[in-house]
Amino acid sequence: MQRVFSGIQPTGIPHLGNYLGAIRNWVTLQKDHDCLFCLVDMHSLTMPWTPEALREQTLGTTACLLASGIDPTRLYNQSAVSAHARLGWIFNCVSRLGWLNRMTQFKDKAGKNRENHSAGLYVYPNLMAADILAFHATRVPVGDDQRQHLELANDIAQKFNHDMGVEFFPQIEGLIPPNAARVMSLRDGSKKMSKSDPSAQSRIVLNDTADDIALKIRRARTDSEPLPSEEAGLEGRPEARNLITIYAAMSDKSMADVLSEFGGQGFGSFKQSLADLLVETLAPVANEARHLLDDKEHLLQVLRKGAERARAVSDPIVDEAERLVGFLR
Ligand code: TYM
């Protein structure tokens, strides 16, 4: 059975992009794969944070993942499993500065103020490679924005194997959904939907109420043209394309089918149908997440048990990696 690994930063409530790009696929994959899903709290220190918010958001994200249908036995938080940090350090010494300099996500996040960002933000992709390879996972379900990081992970694995003269780390393959791999902001169709966008109107989050969802979709930016009947008509209309993409992904229909249903209509009735569709799937998730958050001790227990299982898989792999690089025990 293929081993699957994926992670999410507990830096805020997961949004519709996280859901369609990752979480929903995790729920499907866990049925017939050996899966591990990780709240990557160590990655969350790469941007400014407060301890209290990190604790709260780790539990909040845990509740959303469980409410979305993630199997509790597969879930844990990264910092509780030392294999990540141990292999992360080795990979810091395998990865090349030239490779890291090409990472577009670092450039986006650091912006113009590069010198003032943490070293952690720069070496983040090395830790991400360690997250996956500490489990010898070969399948990684992610959104489109993680593609470059997965390529780097393969370069690191290959260089480690080459330098140590072994075939120890496997090559990994990203599982990127054909639809909605990059959900865009509801306020600006040229920007990715993101937890860090200052506007809460730009994203639907997994604890929004039915009213919140309906309002955000009603206010979502559009243009003044009616919807086209064919995909070619979405050219140069990023906001319309985004809403159609979301509808198609949520209803498991093709873009062509959605456009043939709504083509020629204005946005009003389409937005109403889209809001209904989102509410139908997401409102029960939000309710269940709120319910789960009433028992924080239970959520902690879930993470502790998950970490135990993750240690049992990753410790022997990282022990062997350490032996291969020459560490004595
Ligand atoms: P993060 O926390 O930013 O996002 C979690 C997952 O959601 C996907 N995603 C999106 N998909 C579609 N549209 C969007 N607007 C959107 N925004 C986010 C992401 O692609 C991701 O799959 N570096 C990772 C976390 C990580 C990881 C790993 C993932 C750390 N180690 C190992 C896989 C394997 C991140 O910051 O994801």
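The values are calculated or read from the model by the stated rules, or taken from the named source; none is laboratory data. None of the values given here were measured: they were computed from a predicted structure. Reconstructed Cβ throughout: ideal geometry from the backbone, glycine too, with neighbour counts over all protein chains shown. Protein only, heavy atoms only, side chains kept; ligands, DNA and RNA dropped before computing areas. Shrake-Rupley method; radii C 1.70, N 1.55, O 1.52, S 1.80 Å.
For LEU175, the residues whose amide H sits under 5 Å from its own are VAL140, VAL142, ignoring neighbours fewer than 5 places away on the same chain, with H placed 1.01 Å from N.
Rounded to the nearest Hz, the phi-derived 3J(HN,Hα) couplings of the stretch 85-98 under the Karplus curve 6.51 cos²θ - 1.76 cosθ + 1.60 (θ = phi - 60°) are 5, 5, 6, x, 5, 4, 5, 4, 8, 9, 5, 10, 4, x, where x marks glycine and proline. The Rg/Rh ratio of the stretch 6-67, with Rg taken over Cα atoms and Rh as the Kirkwood radius over Cα pairs, comes to 0.99.
Charged side chains reduced to their Cβ positions (Lys and Arg at +1, Asp and Glu at -1) give the stretch 53-154 a dipole of some 260 debye around its Cα centre. Pairs exceeding a 23 Å alpha-carbon distance, out of LYS191/LYS216; LYS31/LYS271; LYS159/LYS305; LYS107/LYS191: LYS31/LYS271; LYS159/LYS305. In this structure, the amide hydrogen of ASP34, modeled 1.01 Å from its nitrogen in the peptide plane, lies closer than 5 angstrom to those of GLN2, VAL4, counting only residues at least 5 positions away or on a different chain.
Placing +1 on each Lys and Arg Cβ and -1 on each Asp and Glu Cβ, with no other charges, gives the stretch 144-207 a dipole about its Cα centre of roughly 480 debye. The local environment of GLU322, defined by Cβ-Cβ distances under 13 Å, has a net charge of 0 under the rule Lys, Arg +1 and Asp, Glu -1.
Shape class for the chain, computed from the alpha carbon gyration tensor (a ≥ b ≥ c): prolate, with a/c not under 1.5 and a/b above b/c. Look at the dipole of the chain built from charges on Cβ: of GLY268, ILE90, ASN154, the Cα furthest out on the positive end belongs to ILE90. Sparse packing (at most 12 other Cβ atoms within 10 Å of the Cβ) combined with a DSSP loop state is found for the following GluC sites (Glu not before Pro) in the stretch 150-217: GLU167. Taking every alpha-carbon pair under 8 Å whose residues sit at least 6 apart, the chain reaches a relative contact order of 24 percent. Ranking TRP89, TRP26, TRP49 by solvent-accessible area of protein heavy atoms (1.4 Å probe, all protein chains present), from largest to smallest, gives TRP89, TRP49, TRP26. Counting only protein heavy atoms and using a 1.4 Å probe, the accessible area of SER229 comes to about 70 Å².
Across the stretch 219-265, the volume of the C-alpha convex hull divided among the residues equals 70 Å³ per residue. Translational diffusion coefficient of the stretch 200-291 (Stokes-Einstein, Kirkwood radius from Cα pairs, 20 °C, 1.002 mPa s): 158 µm²/s.
Couplings 3J(HN,Hα) of the stretch 176-181, computed from phi: 9, x, x, 10, 6, 6 Hz, in residue order, whole Hz [Karplus 6.51 cos²θ - 1.76 cosθ + 1.60, θ = phi - 60°; x for Gly and Pro].
Packing, taken as the mean count of other beta carbons within 10 Å per residue, orders the peptides 153-165, 110-122, 180-192 from highest to lowest as 180-192, 153-165, 110-122. Remark: the chain carries a charge dipole of roughly 720 debye about the Cα centre, counting +1 on each Lys and Arg Cβ and -1 on each Asp and Glu Cβ. Highest average first, the peptides 293-300, 30-37, 58-65 ordered by how many other beta carbon atoms sit within 10 Å of their residues are 58-65, 30-37, 293-300.
Under 5 Å between amide hydrogens, built in the peptide plane, is the criterion, and for PHE169 it picks out ASN161 among residues at least 5 positions away or on other chains. The modelled label-to-label distance between LYS31 and SER273, using points 7 Å beyond Cα along the C-beta direction, is 2.6 nm. What the phi angles of the stretch 266-276 give under the Karplus curve with 6.51, -1.76 and 1.60, with θ = phi - 60°, is a coupling list of x, 6, x, 6, 4, 4, 4, 5, 5, 4, 4 Hz, glycine and proline written as x.
Can you give me the Cα centroid spacing of the stretch 113-185 and the stretch 300-324 in angstrom? Answer, in whole Å: 19. The GNM of the chain, with springs linking C-alpha atoms under 10 angstrom apart, assigns the highest mean-square fluctuation among LEU39, LEU133, LEU175 to LEU175.
Can you compute the helix-only [θ] at 222 nm over the chain? Use -39500 (n - 2.57) per DSSP H run of at least 4 residues, normalise by all residues, nearest 500 deg cm²/dmol.
Helix-only estimate at 222 nm: -16000 deg cm²/dmol.
So, counting K/R as plus one and D/E as minus one, what does the shell of residues with Cβ under 14 Å around HIS149 add up to? With Lys, Arg at +1 and Asp, Glu at -1, the net is -3.
Other residues within the sphere of radius under 13 Å centred on the Cβ of LEU75, judged by their own Cβ, net out at +1 (K and R +1, D and E -1). Please work out the FRET efficiency for the pair GLU261 and LEU215, using the Cβ-Cβ distance as r and a Förster radius of 25 Å; give the result to the nearest 0.05. E(calc), rounded to 0.05, equals 0.55. Ordering ALA129, LEU259, GLY236 by the projection of their Cα atoms onto the charge dipole of the chain, which places +1 on the Cβ of Lys and Arg and -1 on the Cβ of Asp and Glu, puts ALA129 at the extreme positive end.
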